[in-house]
Amino acid sequence: MADVYVFLGPPGAGKGTLGDVFCEKTGVVHISTGQLLRDEMAAGTELGAQVKGIIAAGGLVSDEIVAKMVANRLQKEDIKAHGCLLDGFPRTVPQAGMLEKILADGGDRMAAVVLIEADREMLMGRLTSRRVCSNKACGATFNVLTLPPKVEGICDKCGQPLIQRSDGSEETAKKRLAVYESETAPLVDFYDKKGQLVRTVSTNTTIEENYARLMKVIGR
Ligand code: ADP
Ligand code: ZN
């Protein structure tokens, strides 16, 4: 039986960054559906080609595709042993229903659903300031505001040029926030009613401070 944590919140709230720290410190396995999909695109798979246009436009990939990807991943040994953090899934009410079935089938347990909130201005800033390494084999990520590379436009790890993420334009960022409000925000009520939701706020301070606030509500 695996403990499953869910991080819920608008794009740019820091689910990925806080998730990295949480998993590093606890040994829980980090599963980011956004990252799994970007890996598919980078590897040039059929699935990757299928989702490319949707992601670049800030839309959502179909519930079935994402749920299947997560279900496959959750069966792996590492997760059974250490539990996992779902970062970016579920993102719609139907996906939440699918997740309940996946957990029941696998004999896994929802440990906590954490809502990470942040103000809109900060979200827009963060979403448009992300940069990724153009070297697909490297994949390092940076942020011109919060985590700049040592040399502007150049990857610290491998020296290749940095590029804006395909979904990092201002227009796409606005669309992603609108999609969050209409498709994902209803999950807050869904989990609140089940008594599974805890809340934290992400602010423009340090990762350490945001992480400490997060751990207080998780109580792990
Ligand atoms: P990151 O958290 O690293 O910014 P995201 O989780 O925002 O990455 O995912 C990027 C894109 O991938 C989303 O805008 C969406 O198109 C797609 N995506 C990721 N997770 C899901 C999901 N659960 N359902 C539908 N689409 C998803
Ligand atoms: Zn690199």
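Derivation of every value follows stated rules applied to the coordinates shown; laboratory data play no part. Note that this is a predicted model, so its numbers are computed, not measured. Reconstructed Cβ throughout: ideal geometry from the backbone, glycine too, with neighbour counts over all protein chains shown.
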> Which percentage, to the nearest 5, of the DSSP beta bridges contained in the chain is antiparallel?
Replying inline: 30
> What's the angle, to the nearest 10 degrees (0 to 90), between helix 33-42's Cα axis and the longest principal axis of the chain?
Replying inline: 50
> Taking a label point 7 Å from the Cα of GLN35 along the Cα→Cβ vector, which residues of the range 1-27 have an amide N closer than 13 Å to it?
Replying inline: 15-25, 27
>> Positive end of the dipole of the chain, charges at C-beta (+1 Lys, Arg; -1 Asp, Glu), about the Cα centre: which of SER182, ALA118, THR172 has its Cα farthest in that direction?
In response: ALA118
> Relative to the Cα centre, what is the charge dipole magnitude of the range 126-170, using +1 at the beta carbon of each Lys and Arg, -1 at the beta carbon of each Asp and Glu, and rounding to the nearest 20 debye?
Replying inline: 120
> Once the Cα atoms of helix 93-106 and of the chain are each reduced to a long axis, what angle between those two axes, in degrees from 0 to 90 to the nearest 10, is obtained?
Replying inline: 60
> By residue number, which cysteines of the chain lack any other Cys whose Cβ falls under 4.7 Å from their Cβ?
Replying inline: CYS23, CYS84
> Which lysines, on any chain, are close to LYS150 with Cα under 21 Å apart, when same-chain ones fewer than 8 places away are left out?
Replying inline: LYS136
>> Using the basic label-point model (7 angstrom from Cα toward the beta carbon), what is the ALA71 to ASP189 distance in nanometres?
In response: 2.8
> Rounded to the nearest 500 deg cm²/dmol, what is the calculated helix-only ellipticity per residue at 222 nm for the chain, with -39500 (n - 2.57) per DSSP H run of length n ≥ 4?
Replying inline: -14000 deg cm²/dmol
> So for the range 90-210: antiparallel DSSP bridges make up what percent, rounded to the nearest 5?
Replying inline: 60
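So for the chain, averaging the separation of alpha carbon pairs under 8 Å that are six or more residues apart and normalising by length, what relative contact order in percent results?
Details: 326 pairs, mean separation 65.0, N = 220.
Across the chain, relative contact order equals 30 percent.
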> Can you give the angle from 0 to 90° between the axis of helix 170-179 and the longest principal axis of the chain, with both taken from C-alpha atoms, to the nearest 10?
Replying inline: 10
> Once the mean 1/r over all distinct Cα pairs of the chain is inverted, what Kirkwood radius in angstroms do you read off?
Replying inline: 17.9
>> Sequence gap at least 6, Cα distance under 8 Å: using those rules, report the relative contact order of the range 20-109 to the nearest whole percent.
In response: 37
> What lysines could a cross-link reach from LYS194, if we take a straight Cα to Cα line under 25 Å and drop same-chain neighbours fewer than 8 places away?
Replying inline: LYS15, LYS68, LYS80, LYS101, LYS216
>> Viscosity 1.567 mPa s, temperature 4 °C: give me the Stokes-Einstein translational D for the range 7-68 in µm²/s, with Rh taken as the Kirkwood radius over C-alpha pairs.
In response: 101
